[in-house]
1. How high is the FRET efficiency from N74 to I45, r the C-beta distance, R0 25 Å, rounded to 0.05?
2. 5 Å is the cut-off here: which amide hydrogens, built 1.01 Å from N in the peptide plane, fall below it relative to V52, excluding neighbours closer than 5 in sequence?
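Any read-out appearing in this document is the output of simple, stated calculations on the displayed coordinates, not a laboratory observation. Nothing here was measured: the structure is a model prediction, and the numbers come from that model. No Cβ is skipped: glycine too gets one built from the backbone with ideal geometry, and neighbour counts run over all protein chains shown.
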Amino acid sequence: MAILAGLALPAIAPSQAWAAPGPNAYVTNYGDNSVSMIDTATNSIVGSPIPVGANPFDVAITPDGKHAYVTNQNASGTVS
């Protein structure tokens, strides 16, 4: 779980991480309605969090690594 080190996530909030083929992992920030990109070589956050729908839960990356889809839970029930 070194990838999550240093992220300000509430302890009880669910969060999912997914590593795409390549140097980055993507972590949902459930309470902030965003996704953070993590450089797995340095375990550091890349750029600012990416805004998505309410209560993001899972991230899926296309096999070519060009697109990410985020499922948003609860009343949102959307995909970003």
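1. On the way: r = 25 Å, r/R0 = 1.01.
The formula returns an efficiency of 0.50 here.
2. S34, V35
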